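Worksheet: one structure, shown below.
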Ligand code: HEM
């Protein structure tokens, strides 16, 4: 049977070859600009972090260019992530079921989600995704604010040497944690089979939605919002 789109009122059962809209083209573009800028920031930042990685500055046209471009990519990341934040913050609000989900993380990692209702009756995002979302939100604020303090080209006169030294330390630590959170995010997207297509083609299979985000799928099919205000949440 050919895959078909799901619409409110449709009967959907596990295994149905339906496809479900998850992200609009705008959200995907926003996401991939964010992803690209974070990768470029990490590479350009690492070249400034340790001399053994200096050779990577060639990718940006040499040391001077890397130094000049790095903060600007940070500005792009900040505004691009702000776009994602404004789109998704509501869907990442913590709910009671999320704390329960966290206590059963082992079952998720062992692919035993089916065995527990707390793990299947999940809205658009699970607790793990929400932790990544809020961690990224905080880290990007820390990175941009500490980055501005050490952006000598424009702001050198506004802060003291001591403040800059603290900012360099905070900036480096936040960057390391950000890279770790990013690795978790990408690993999870690959680990949970069928997730990548959400961000590449904007849609997922009905089976994927049933297995990992059943509450979201139910809301989508019935057209009734769940227990949170803000209505049904189809593709954002
Ligand atoms: C290049 C590597 C990346 C890959 C392969 C990737 C992949 C994905 C995928 C597949 C999804 C859809 C998950 C779902 O709908 O269940 C997603 C969602 C998302 N990604 Fe990424 N991503 C990457 C980088 C980033 C970066 C660098 C950020 C932010 C700094 C980011 C922020 C988000 C956000 C906010 C969502 C929506 C989920 C939520 O709000 O919790 N992604 N990503």
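Take the range 24-64 and flag every residue that is away from the ligand (no atom under 16 Å from the Cβ) and part of a loop (DSSP other than H, G, I, E, B).
50, 61, 62
Need a quick list: helices (runs of 4 or more DSSP H) entirely within the range 85-131 having at least 3 residues that are more than 16 Å from residue 216 (Cα to Cα).
The helices (runs of 4 or more DSSP H) meeting that bar are 96-103, 105-109.
Determine if the range 185-195 includes at least one residue that is within 20 Å of residue 96 (Cβ to Cβ) and within 16 Å of the ligand (Cβ to nearest atom).
no
Determine whether the range 105-112 contains at least one residue that is buried (at least 16 other Cβ atoms within 10 Å of the Cβ) and more than 12 Å from the ligand (Cβ to nearest atom).
Yes, some residue in the range 105-112 is buried (at least 16 other Cβ atoms within 10 Å of the Cβ) and more than 12 Å from the ligand (Cβ to nearest atom).
Answer yes if at least one residue in the range 142-153 is closer than 26 Å to residue 225 by Cβ, loosely packed, with under 14 Cβ neighbours inside 10 Å and modelled with pLDDT under 95, and no otherwise.
no
Inside the range 198-230, can you point out the residues that are within 10 Å of the ligand (Cβ to nearest atom) and surrounded by fewer than 16 Cβ atoms within 10 Å (Cβ to Cβ)?
Once the filter is applied, which keeps residues that are within 10 Å of the ligand (Cβ to nearest atom) and surrounded by fewer than 16 Cβ atoms within 10 Å (Cβ to Cβ), the range 198-230 yields only 200.
Out of the range 94-104, which residues are in contact with a helix residue (DSSP H, G or I) (Cβ under 8 Å, 6 or more places away or on another chain) and within 16 Å of the ligand (Cβ to nearest atom)?
Those that are in contact with a helix residue (DSSP H, G or I) (Cβ under 8 Å, 6 or more places away or on another chain) and within 16 Å of the ligand (Cβ to nearest atom): 94, 97, 98, 101, 102.
Of the numbered conditions (1) out of contact with any helix residue (DSSP H, G or I) (no Cβ under 6 Å at 6 or more places or on another chain); (2) surrounded by 14 or more Cβ atoms within 10 Å (Cβ to Cβ), residue 130 satisfies every one except a single condition; which is it?
(1)
Is there a residue in the range 133-146 that is in a helix (DSSP H, G or I), under 30 Å from residue 221 (Cβ atoms) and within 16 Å of the ligand (Cβ to nearest atom)?
Yes, the conditions are met somewhere in the range 133-146.
The conditions are (1) at pLDDT below 95; (2) in a helix (DSSP H, G or I), and residue 231 fails exactly one of them. Which is it?
Unmet for residue 231, out of (1) at pLDDT below 95; (2) in a helix (DSSP H, G or I): (2).
The values are calculated or read from the model by the stated rules, or taken from the named source; none is laboratory data. Keep in mind the model is a prediction, meaning the values are calculated, not measured. FYI the Cβ positions are ideal-geometry reconstructions off the backbone, even for glycines, and counts take in every protein chain you see.
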